[in-house]
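The structure appears right after this line, and notes come after that.
What follows is calculated from the coordinates using simple rules that are stated; it is not laboratory data. Values in this document were obtained by computation on a predicted structure and should not be read as measured data. So basically every Cβ, Gly included, is an ideal-geometry build from the backbone, and we count neighbours across all protein chains shown.
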Amino acid sequence: MAMKLAHWCTIDMIIETEAESKEQMQKTISSLEKKLQRLRTGRANPSLLDSIEVDYYGSITPISQMSNISIEDARTLSIVPWEKDQVQSIERAIQSSDIGLQPATSGDVIRVIIPELTEETRKDLIKVAKSEAENSKVSIRNQRRDANGMLKEFCNEKEISQDDLRRGEEIIQKLTDEFIEKIDVLLDKKEKDLLEI
């Protein structure tokens, strides 16, 4: 009975380590998705404005939380602030941001026209996307290292056997491979988006 209990504790430790690693790796993927969304293609996408914030009654607020952002056509975003007196502050925030877009205001509506990408801009954006993907892979590998370190600690403290350690490391490696593949898929999709004319 004690042997069975010890076996279940061992399995629990491996499952818990795997679950923690999976959660951390998923956070890395989510973060990469957000970063890649912000890289502009030649098409209008409201997520381009996600990083832009405005001083809204003394509190720094994302534009999306103080206005309605919609896609007017393939290359135009339309921003309608919920409060008319915020039009100019939103316009200024877009102009001073690092996304390189120029807003045009008519009445209560701010329009952001997405310029077509030049060949050079496309190549630069692909470099940025590759760099973000590589950083995410490094993060995934660090999470693998941490998980394996935890499993080794369990083994050193005789909480799991050498066989369990190897089995646990194989599970973590399989998980790592899955998430590295997800990063490659995201990068490939973004590159195609950026190269599309």
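A few notes on this one:
- Ellipticity at 222 nm from helices only: DSSP H runs of n ≥ 4 in the chain, each -39500 (n - 2.57), divided by the residue count, give -22000 deg cm²/dmol.
- Calculated log₁₀ intensity ratio I(q)/I(0) where the Debye formula runs over C-alpha points of the chain, q = 0.18 Å⁻¹: -1.11
- Pairs from the table (Lys34/Lys127; Lys34/Lys174; Lys84/Lys189; Lys34/Lys137) lying more than 27 angstrom apart at Cα are Lys84/Lys189.
- Table column - 3J(HN,Hα) (Hz), region 77-92, Karplus curve with 6.51, -1.76, 1.60, x for Gly and Pro: 9, 10, 10, 10, x, 6, 10, 4, 6, 9, 3, 5, 5, 5, 4, 4
- Within region 138-157, backbone nitrogen closer than 18 Å to the virtual label 7 Å beyond the Cα of Gln26 toward Cβ: 140-141, 143-144, 147
- Residue exposure proxy: Val138, Val112, ordered by other Cβ atoms within 10 angstrom of their Cβ from fewest to most, comes out as Val138, Val112.
- Phi-derived couplings, Karplus 6.51 cos²θ - 1.76 cosθ + 1.60 at θ = phi - 60°, listed residue by residue for region 136-146: 5, 5, 4, 4, 4, 5, 5, 5, 4, 4, 4 Hz, with x used for Gly and Pro.
- If R0 equals 30 Å, the separation of the Cβ atoms of Asn68 and Glu181 corresponds to a calculated FRET efficiency of about 0.20.
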